[in-house]
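Accompanying notes for the structure given below.
The values are calculated or read from the model by the stated rules, or taken from the named source; none is laboratory data. Everything numeric in this text was worked out from a predicted model, so none of it was measured. Cβ sites come from the backbone with ideal geometry, for glycine too, and all protein chains shown count toward neighbours. Remember, those area values only see protein heavy atoms, side chains included, never the ligands or the DNA or RNA. Shrake-Rupley method; radii C 1.70, N 1.55, O 1.52, S 1.80 Å.
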Amino acid sequence: MCVSFKQMFFRRASSLAFFIFVILFFSGQGLFAQLYVTNNGIIMEKLPDEDVQEVERLNHEAELEDELEREKELSETEAFDLDDVENADEIDDLFGEDAEGDVEAPVTTPTTEIVKVDAKNKPVEFSGNLSAELGGLAWFYPWEDTKPVATFSNTLKFIGRPRSDFYVYGSFLTQFPSMDFGIYELFFDYTILGLVDLSAGKRDISWSHSRNLHTNLIDYQSGTVDGSKILNPDKRTTDDSRFTLSISVPVLSYGSIHTIAQYQSRVLEEEIPDYISMDAKIEANVRHFSFALLAKRWAKQDSRRYDPCFGGEVVSTILGKDSNLFAQGLFHIGFGSKRLTRARGTVGIYKYFENPIMLGLSFEYQCVWDKSENEYNATDSNGNAVAWDSTKNYGALQHLFAAEIFWSRFIFTKKWTFGGKWFHDYHNDYGIITPGITVETILPYVDFKTTAPIYYGSQQKYGLVFEIVLNLTY
């Protein structure tokens, strides 16, 4: 009896629940019939017909405002990205070349689609470098009075890039005590169709891979180095850069061809060809190696003109990051005599270890062979023909050695660098050792340097140099 009562209770409860569900279902249909859902998913009460048109108009205006806002945000994003690309290019151009003009860094230009940039959105940008030295030089043997050292050099640079494939670069030099004041560089660089790189103007270019010896084919005058220049390197002057026309063309993806013509004097128009020298280089890159064929023809009126030069060089970074191995050989052929009149070979190695210690090492050797009876046509400052005998400087065979070592570490939050340079001239039987110490940022932008030059061999003297150096890049 009890079981039958429970079964009857559940059957009646189920029937009642079903009946309530049916009532709610049909009631809900009537309720939802009074509502509609817009395209944006917002549930609204169904409005009279006269209000529907007004709501649709308002919705349409809102959609237009949203669309305009999205287009505005998209344009701002694209403009931001474009500015980033342009800024990156400028940084590469400004800093791709060495600050002292020792080593030329090739200017790379993207070969993708060129984006036009309005010049008013890309103003000319300025930067610069200021260097000032104050100190003294004392020679203890033989004894000489202490000489003051005071130099000042400021280079103001600018770059303007109205387009991604064209830029203008210039630098203005002010220097003391030489009182050199004027334009150091002013040239343009134009990439034609993303392939040919054309540059013209007053420019300083180097193809050198050496840190101490002379291997720059473009500025190949005496071809050797006086050891005193390691102690007192020549400061840049406005006469160092010449009017230069250069063309670089890539060859597939493995190399490039470079040609350079330089004008080195101020003469009448009809005499210009006699003052133009020509340089050429064909370069190929294979993994960690770069191979190049070199050639040079001196201008007829060069102060020290050699026979045309041909040669080659190999450069490698096989030792890893911050390393350089190179070998260069140059040979001069007299076309009139059809014989070898001069040869120069240079080898060198450089390696910097950043971790675990900051240590740099370099070693270079150069050999110059010259026929003792060889004389070269030259002209003096007035244009009169003179003869220059190479044996007065280096004789028939010259051996030059150069080495450098430096080690850096932080002591009391200051960076100390201990190092030294060595130069030896075998033919003239003398050498120079220059140990030194540099302490960086003893004051903001101020370094302290001291060196002790030691001459040995046929030239013997010992001295001490101390300097306070102000370096500021702005």
Distant-in-sequence amide H partners of GLY128 (H built 1.01 Å from N, under 5 Å): LYS157, TYR474
Residues whose placed amide H lies under 5 Å from that of ILE218, excluding near-sequence neighbours: TRP207
FRET E, pair PHE291, LEU156, Förster distance 35 Å, beta-carbon r, rounded to 0.05: 0.35
LEU252-LEU319 pseudo-label distance in nm [points 7 Å out on the Cα-to-Cβ vector]: 3.1 nm
Hz values of 3J(HN,Hα) by residue in the range 189-206 - Karplus curve (6.51, -1.76, 1.60), Gly and Pro given as x: 10, 10, 9, 8, 6, x, 10, 8, 9, 10, 9, 8, x, 7, 8, 10, 10, 9
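Rounded to the nearest angstrom and ordered from largest down, what semi-axes does the equivalent ellipsoid of the range 411-451 get from its C-alpha gyration tensor (root of 5λ)?
Semi-axis lengths for the range 411-451 are 31, 9, 5 Å.
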Cross-link table LYS300/LYS371; LYS202/LYS281; LYS202/LYS296; LYS157/LYS461; LYS147/LYS296; LYS321/LYS415, entries beyond 31 Å C-alpha to C-alpha: LYS157/LYS461; LYS147/LYS296
List VAL347, VAL368, ordered by accessible area with a 1.4 Å probe, largest first: VAL347, VAL368
The range 323-357: trypsin sites (Lys or Arg not before Pro) in DSSP coil with no more than 12 other Cβ atoms inside 10 Å: LYS338
³J(HN,Hα), Karplus 6.51/-1.76/1.60, whole Hz, each residue of the range 340-356, x for Gly, Pro: 6, 10, 7, 8, 9, x, 9, 10, x, 9, 9, 8, 10, 9, 7, 10, x
Largest-first principal axis extents of the Cα set of the range 264-348 (Å): 51, 30, 19
Under 5 Å, built H, 5+ apart or other chain: amide partners of SER210: THR215
